[in-house]
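Worksheet: one structure, shown below.
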Amino acid sequence: MSRALRLTQLLQLLRRHRRPVAGQALAEALGISLRTLYRDIETLRAQGADLRGEAGVGYQLTPGDVLPPMTLPPAEIDALVLGLRWVAARTEPALADAARDALARIAHVLPAARREALRDSGLRIGPSKAGATVPAARLQAVREAVGAQQRLQFAYEDAQGQRSERVVWPFALGYFDEVVVLAAWCEGREDFRHFRLDRIRQVRTLEERYLVPRGTLLRRWQKAQGIAPDWLDLSSS
């Protein structure tokens with residue numbers, strides 16, 4: 001974990017609590033030593049966060065904490081807002097909540113004028129055509145397996161209703177208005193395959209992680225599909 005990400009996560013942990021949180025609890029949650037936590041606390045204070053407390057007592061982030069404003073230009077902020085609103089409207093509850101939290105965090109560190117523009121933004125996500133329904137628990141389980149590089153086992157029904165058992169290495173998800181598609185290496189077929197999540201049944205995350213780095217699988221898949229490295233497009237599946 002990079003230090004910048006760790007500082008961000010520390011702030012998020014503190015924002016969740018209205019009362020002081022023990023340093024040891026914070027350190028354990030972040031997987032760092034107390035000494036590192038104390039340095040991070042001082043770094044956040046130097047950046048303008050109103051952090052109260054001390055070692056042995058606990059720490060609390062006061063309401064209205066001040067952090068350096070984001071210096072993103074308006075068009076980039078608009079792009080982030082629109083993207084996060086799409087995620088909040090189109091994905092399962094866990095990821096949708098994360099998108100709302102991220103949007104709130106962006107609003108929190110914007111300069112006052114941009115914060116007002118964000119609040120009054122005319123960029124909205126419209127309704128989509130009703131697509132195939134995927135249970136939220138299934139979508140979350142598959143998404144988390146992609147992130148953790150966990151092997152997945154499931155039954156799959158193709159367009160003709162034929163059922164097969166699969167063990168796969170999931171490495172990418174494509175979100176569309178009507179379907180969500182998983183890109184994975186299939187152990188049984190020994191090749192890349194695409195799976196619509198609405199046709200997956202009895203999904204189970206296996207304990208064993210696959211050993212090929214996800215980024216390597218992604219690049220091999222892009223090359224095999226003729227997809228440019230900076231663009232993920234599963235729409236042809």
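The values are calculated or read from the model by the stated rules, or taken from the named source; none is laboratory data. Just so it is clear, the model here is predicted, and its values are computed rather than measured. Cβ sites come from the backbone with ideal geometry, for glycine too, and all protein chains shown count toward neighbours. All accessible areas refer to the heavy atoms of the entire protein, side chains included, with ligands and DNA or RNA removed. Shrake-Rupley method; radii C 1.70, N 1.55, O 1.52, S 1.80 Å.
So here's what we get for this one:
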| quantity | calculated |
| --- | --- |
| Mean projection area, nm², convex hull over Cα of the range 175-234 | 5.0 nm² |
| Within a Gaussian network of the chain (alpha carbon springs, distance under 10 Å), most fluctuating of R35, R193, R220 | R35 |
| Ranking by accessible area, most exposed first, for T133, T8 with a 1.4 Å probe | T133, T8 |
| Long-range amide H partners of V180 with built H, under 5 Å | L197, D198 |
| Farthest toward positive dipole pole in the chain [+1 Lys/Arg, -1 Asp/Glu at C-beta], among G31, L118, Y210 | G31 |
| Spatial separation of Cα centroids for the range 127-184 and the range 7-28, in angstrom | 34 Å |
| Hydrodynamic radius (Kirkwood) for the range 76-192, which is based on Cα pairs only, to one decimal in Å | 16.5 Å |
| Choice from I41, I106, I200 with maximal GNM fluctuation in the chain (Cα, 10 Å cutoff) | I41 |
| Rg/Rh ratio calculated on Cα atoms of the chain (Kirkwood radius) | 1.03 |
| Contact order normalised by residue count of the chain, Cα under 8 Å, 6+ apart, percent | 12 percent |
| For A22, distant residues with modelled amide H under 5 Å away | Y59 |
